[in-house]
Amino acid sequence: MKTNEVLEKLRWRYATKVFDAGKKISGDVWEDVEESLVLTPSSFGLQPWKFIVVTDEVVKERLVEHSWGQAQVADCSHLVVLTALQNLNEDDIEKFIVDTHEKRGGELVALNPYKEMMNGFVGSMSEAEVNGWAKNQVYIALGQLMTTAAMMGLDACPMEGIVPAKYDEILGLEGGRYSTVLACPVGFRSEEDKHSGLAKVRYSRADVVERL
């Protein structure tokens, strides 16, 4: 894509308030969206997350009550629930090291310094701090998801206005290692959404960008 096309897509996107419940994203297109999530960058490459994709209409309806009544959760084509890995530890780092070796080859022992650095990073923090770090990583994935959706002509609406504990309960995450952080409905905007035609409100570049 040319630069002007990228900017045009970013100007086109907005936090969709009303989805067209009758329009669904095709399977092949959605697979590409999921692949973009897989490709999300993360600190050390550790990927402390899991993405729960909800298309079951009954489940989506149940989640509305715990989403401040926001209908987008039910009316979207695909609801992505972004979760963070809890209590990341040395076993998780070892798993990542083994996966790295399998994909890149070379001597496994050569990855020991990297492993030790990651263990030192995690070991220097409290459990709450590690979980907070993992939660912050999830927001990188959210940005990747929203940008990908815009480039593909799909609408999205990032949502922190949910009750994570209730999401965990409904999605069967309780007692597991992943916990809900936020949700992002994806689909197609409704022609009845008056917000789609509103001017985008952003501060000027001079207000938010400083060059040194």
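The values are calculated or read from the model by the stated rules, or taken from the named source; none is laboratory data. In this text the structure is predicted, and so the values were computed from the model without any measurement. Don't worry about glycine lacking a Cβ; one is built from the backbone with ideal geometry, like all the others, and counts go over all protein chains shown.
For Val58, all conditions in the list (1) part of a helix (DSSP H, G or I); (2) closer than 20 Å to Thr147 by Cβ hold save one; what is the number of the exception?
Going through (1) part of a helix (DSSP H, G or I); (2) closer than 20 Å to Thr147 by Cβ one by one, Val58 breaks only (2).
When the stretch 55-73 is examined, which residues are found to be out of contact with any Asp or Glu (no Cβ under 9 Å at 6 or more places or on another chain), crowded, with 20+ Cβ neighbours inside 10 Å and of a type outside the set (Ser, Thr, Tyr)?
Matches in the stretch 55-73: Leu63, Gln72.
Only one residue in Glu160, Glu210 is of a type in the set (Asp, Glu), farther than 22 Å from Lys17 by Cα and either without any contact (Cβ under 8 Å) to a residue 12 or more places away in the chain or in contact with a strand residue (DSSP E or B) (Cβ under 7 Å, 6 or more places away or on another chain) (or both), so which one is that?
Glu210
Can you name the helices (runs of 4 or more DSSP H) wholly within the stretch 106-212 that have at least 2 residues being of a type in the set (S, T, N, Q)?
On the way: elements: 112-123, 127-151, 164-170, 205-208.
In the stretch 106-212, the matching helices (runs of 4 or more DSSP H) lie at 112-123, 127-151.
State whether one or more residues within the stretch 111-130 are touching a Lys or Arg at 6+ places or on another chain (Cβ under 7 Å) and of a type in the set (Ser, Thr, Tyr).
Within the stretch 111-130 (the criterion being touching a Lys or Arg at 6+ places or on another chain (Cβ under 7 Å) and of a type in the set (Ser, Thr, Tyr)), the answer is no, since none of the residues qualifies.
Please go through the stretch 65-97 and give me each residue that is farther than 23 Å from Gly176 by Cα and in a helix (DSSP H, G or I), ordered by number.
Selection gives Gln72, Val73, Ala74, Asp75.
For the stretch 78-104, give me each residue that is under 24 Å from Lys24 (Cα atoms) and crowded, with 22+ Cβ neighbours inside 10 Å.
Matches in the stretch 78-104: Leu79, Val80, Val81, Leu82, Thr83.
Among all residue pairs at least 6 apart or on different chains, which show Cβ distances below 9 Å where the first residue, located in the stretch 32-49, is at positive phi and the second is surrounded by 15 or more Cβ atoms within 10 Å (Cβ to Cβ) and of a type in the set (S, T, N, Q)?
Sorted first by the residue in the stretch 32-49, then by its partner, the pairs are Gly45/Thr100; Gln47/Thr40; Gln47/Gln137.
Looking at (1) over 24 Å from Leu46 (Cβ atoms); (2) surrounded by 18 or more Cβ atoms within 10 Å (Cβ to Cβ), which is the one condition that is false for Gly161?
Every condition holds for Gly161 apart from (2).
Under the condition of being modelled with pLDDT under 95 and not in a helix (DSSP H, G or I), which residue from the stretch 1-22 is surrounded by the most Cβ atoms within 10 Å (Cβ to Cβ)?
Ranking the candidates gives Met1 first.
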